[in-house]
Amino acid sequence: MKKKRLTALFLAGLMTLSAIGCGSGQTQTPDTSAPAETGSDAADASGTESEAPASGEQTTIEMWYHISPDQATVLLGMIDEFQTLHPDIKVETQSVAFAEIKKQLSIGVAANQLPDVTLCDTVDNVSFAAMGAAVDITEEVEAWGEIDNYFDAPRASAVYEDKYYGVPYYSNCLAIMYNKDIFDEMGLAYPTSDWTWDEFKDLVAKTTTPDHYGLTMSLIKSEEGTFNVLPFICQAGANWDSLDSDGAKEALTMINDFYQNGYMSKELISMTQADMCASLFATGKSAMMVAGSWLNTNIQNENPDLNYDVVLFPTNKAATSLIGGGNIMMMKDEHKAAAWELMKFLSSKENSLKYCEDAGYISPRTDAVAESTVWQNDPILSVYTQQLAEAMPRGPHPKWPEISSALQFAYQDVLSGTSSVEDALNKAAAEIEAIK
Amino acid sequence: MKMKTGTKNTLLMIAGIVITLLFLFPLYWMITTSLRPPGETFSNPSFFPSRICMDSYVLENEHGVTLFTYLKNSCIVSIGATLITMALAIPASYGLARFKNRMISVGLFVFLVAQMLPSSLILTPLFVNFSKLGLINNHVGVMLADATITIPFAVIILRTYFKDIPKELEEAAIIDGCGPWKTFIKIMVPVSSSGIVTALSMSLFMAWGDMVFSLTFLNQESLKTLPLILYKAMGELGVRWEILMAYSTVVVLPILVIFIIMQKYIVNGLTAGAVKG
Amino acid sequence: MTVKKKKGYFFRKKMTFYAFVLPGAIYMTVMIILPILSNVIMSFQDVNLMNFASGDTHFVGLAMYKDIFQDKVMWTAIWNTLWFTLWCLIFQFPIGFAMAMFFSKDFKGSRFLRGINVIAWMIPMVAVSGIFKYMFNSDIGIINRILMDLHLVKAPVEWLAHGNTAMASIIVANVWKGVPFNMILLATALTTVPADVYESASIDGASRIQRFFYITVPLLKPAIISVLTLGFIYTFKVFDLVYVMTGGGPGSSTEMLSTLAYRYSFNEYNFSQGAAVANVLFVLLMLVGMVYIRIVTKEDDEV
């Protein structure tokens, strides 16, 4: 054993040297040159999926995903089913941390080491398309003939310069969840779908007591924070390309007032949506929460006894929410047919319905939504289906990561007291203007 | 030095214990938090768990990869990196300690510069080269990368060590007709064994704790190491502190155990390293 | 000068020296120096995700450096990195020194206790970050609880929510990990101070403080300088801790050069900008590193 490893090491060392010498001489054979020992480690794990040796030509494709372990169970089950249906295709899956998938894909591009298929955040689809990293699948999508069954906003997130670079996989949007018990205790009426910003502000202030905060929303310095903050900016009639407008200032001022007045926890500045849901809303420490439908599942896991409901966003100029979710992208055209086969399989009406229902999302397919009893009738999810109709896409813009980052700095600088609302938003607007 | 009087000795000892307990409080907090019943961490913490609960240690994941696999992976990577380190650093530090000419500055320079480099900055170039060699999703890749951190450190410790060994030992060996390699293996290595144990343990710990390289080079679940799943858990479990602290405890525990067993040798090696002979 | 002649008596042949040193040196060159060079080259080009794989990159001279220095966040990052390093050293060095002095006293268990404290240095950074992030939590963190029990603060401090307190939190975490490193290296040096120096000093009637400043410190000067420079280097290149604990936030209040470089490269896919920031970090480190290299090589001449 030891001897073998040492040999492998020396080989690796020699190869490093030779690679430096001869540049791109051996780009195409990544996996075969892996030393035998780690190869067998890999076999340990993948061996559980199918022991059958490859008879004839078996294509192996690789898929990455960034969804949580709970949500991945159904996906992995479907992939097993897919492999039974297509014995000639073997799918290897890799789970990448949500925060890491962009980095992994970007260095994957740099090193020409990409999965065949990957899930990504909807907002990143266009970035990867613009960079030439995602594969153009327009022909396949058109031949498939199912793309007209998708909602417009999710579909737009997969289109760059009139070409398809992905297929929407799941959709979601935000609305406001509220803790009914807290409202009952305080003798307040539940919010209704026609509530206004003034009523919203009033309720946030009123429901703040030493026992609980009025509102919870993610203010973290990442796309999750953008996803939570931007809807309010849109509701006030602005958007990412008009951050220096009065509407944007009104929205950020409101959020900042909530934060500085102690209506929201100061920890929110570093909390993801899952974190804030688990520690604040699910434990009854917050009367209201800006939340997506999937957090429903989290609450069921954390505290099934919580008595809560959901309501559309309050109206200022509008009651806008933003579309979130994930797309499936093809990153390599080496096994295009097999990869597309998998993408089609996962995106079928039945599978889309099954996955999205289980994971607490909404299907991006109109026909799946129409068929589902859950999204029409479930007291919580039906509200999200309704909110989705009023939702706008984020971007899409090939440089969305930079735009989003400018907005994140703006609200974090304001909340941490480094900058005034006015200055922060003007600065962000100028930066975004330069990016455009 | 003469022994202090009894009372003073006891007082100093008590003070020493108090300082140590205060200083290592974060570790106490990590372990006790991991033993709290679920939900207890959401409220104001008491210094002791209300009851001992091992629930947090049921660390599952969707791939059916067990904790044992992660533990094994961490062992493979850190032992591999340590072997590379020892194989390269021991002779190099001996050479650097004994040879005198301009080359020594160049050689030393290389190792010292290497030590100054934040590992996150060589990620992209390394990734590009490693992927050409099939070293992505391969423990060897992480070992090779980890060794870039551990080698300079080991060289710095061991060089001082070799320098302090009296030259008479070698002279005697030469008179006996030993060549440089034979002298090195038969005499220098055994004589400096305590320094080598120190460098070895430090390399082991450093490689064990690496997150940046394994995060970048390992995606396949069955290959991941302990610090990686701790990091991933922090993203997924966020505020379930009792579970996160259980993960942390699992990452830290092997180091803790090895360190406590070996501490006399490790610390002696560290302290003796700079003593001039 | 006869001594000098005697030096190097052993490796008469250059080849022997090379045989010992070269494998390691080549390894480090391949794994470290070449990546550094490739970073330098990259910083003079316009490498992004679009052209990285195709190799269709262009030489843009100093444009990337101009870009990064025009961005205010770069200056913030330089300032933060220096500020962070300064405070870490201000705390970890004296605490480490004090602990080294204390545990060098001859009492029962002193060696064992000193050894046990070194554990903090061995804990993986990702675990340290997690533990301290939990302890600094404003609602349920133990630090706020202790401060409130001791009536040092009236209301919970939101450590990670404000710029200054977030910086303080990462400094505390880093100091905790850094103290044993200072302690053990200084303890090493303390053992070299001959006891009779103290004895003659106490006969001369020097007080403890006098003895410390007039005898201990000057005798330990080389060790002190090398501990401080090494400490500087390790602190200045901090990454994991900030990445996990604050992500550089809130806003850019704990953004360091290393996290900024990482963000440019892997979040905004601007590899050239990332490389440029990395090189600035590296040059700054080298300036201090030179001091350290001087010490190490000078020590050499004295042997």
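The values are calculated or read from the model by the stated rules, or taken from the named source; none is laboratory data. Please read these numbers as outputs of a predicted model, since none were measured by experiment. Note: ideal-geometry Cβ built from the backbone for every residue, glycine included; neighbour counts use all protein chains shown.
Residues in the range B:121-157 that are more than 9 Å from chain C (Cβ to nearest Cβ), in contact (Cβ under 8 Å) with a residue 12 or more places away in the chain and more than 13 Å from B:G80 (Cβ to Cβ): 8 in all. In this structure, B:I90 qualifies as part of a helix (DSSP H, G or I), more than 8 Å from chain C (Cβ to nearest Cβ) and within 28 Å of C:V288 (Cα to Cα). Within the set A:M264, A:M254, A:M276, the sole residue that is of a type outside the set (S, T, Y) and touching a Phe, Trp or Tyr at 6+ places or on another chain (Cβ under 6 Å) turns out to be A:M264.
Filtered by the rule that a residue be facing chain B (nearest Cβ under 9 Å) and free of Cβ contacts under 8 Å to residues at least 60 places away in the same chain, the range C:259-274 gives C:A261, C:Y262, C:S265, C:F266, C:G274.
So that you can scan it fast, the table gives a plain yes or no per residue for (1) farther than 22 Å from A:G237 by Cβ; (2) at pLDDT 90 or above:
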| position | (1), (2) |
| --- | --- |
| A:H397 | no, no |
| A:S404 | no, yes |
| A:F409 | yes, yes |
| A:V414 | no, yes |
| A:T418 | yes, no |
| A:V421 | no, yes |
| A:A424 | no, yes |
| A:I432 | no, yes |
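When we screen A:D358, A:D367, A:D333 for residues that are surrounded by fewer than 23 Cβ atoms within 10 Å (Cβ to Cβ) and under 15 Å from A:W144 (Cβ atoms), the only hit is A:D367.
When A:V109 is tested against (1) facing chain B (nearest Cβ under 10 Å); (2) modelled with pLDDT under 90, just one condition goes unmet, and that condition is (1).
Looking across the range B:211-238, just one residue is among the basic types (K, R) and closer than 17 Å to C:K133 by Cα, and that is B:K232.
When the residues of the range B:200-230 are filtered to those that are of a type in the set (F, W, Y) and out of contact with any Phe, Trp or Tyr (no Cβ under 9 Å at 6 or more places or on another chain), the one that is farthest from C:A127 (Cα to Cα) is B:F213.
Of C:F236, C:F271, C:F266, all but one fail to be among the hydrophobic types (A, V, I, L, M, F, W, C), more than 25 Å from A:F128 (Cα to Cα) and touching a Leu at 6+ places or on another chain (Cβ under 9 Å); the exception is C:F236.
Look at (1) over 20 Å from A:N316 (Cβ atoms); (2) under 19 Å from the mean Cα position of the chain (by Cα) and you find that A:C173 fails only one, number (1).
Among all residues of the range B:3-13, there is none that is part of a helix (DSSP H, G or I), modelled with pLDDT under 80 and of a type in the set (A, V, I, L, M). Screening C:G251, C:G247, C:G289 for residues that are touching a residue at least 24 places away in the same chain (Cβ under 8 Å), more than 16 Å from C:W83 (Cα to Cα) and outside any helix (DSSP H, G or I) leaves exactly one candidate, C:G251.
Where helices (runs of 4 or more DSSP H) sit wholly within the range A:91-204, those with at least 1 residues that are free of Cβ contacts under 8 Å to residues at least 24 places away in the same chain occupy A:101-111, A:138-144, A:152-156, A:180-185.
For the range B:18-46, how many residues are within 21 Å of B:L253 (Cα to Cα) and touching a helix residue (DSSP H, G or I) at 6+ places or on another chain (Cβ under 9 Å)? Count: 17. Scanning the range C:64-110 for residues that are more than 14 Å from C:L257 (Cβ to Cβ), within 14 Å of chain B (Cβ to nearest Cβ) and hydrophobic (A, V, I, L, M, F, W, C) yields a total of 10. Being more than 30 Å from B:K224 (Cβ to Cβ) and free of Cβ contacts under 8 Å to residues at least 60 places away in the same chain holds for only one residue in B:T183, B:T160, and it is B:T183.
Take the conditions (1) exposed (fewer than 12 other Cβ atoms within 10 Å of the Cβ); (2) modelled with pLDDT under 80; B:T41 misses just one of them, which is (1).
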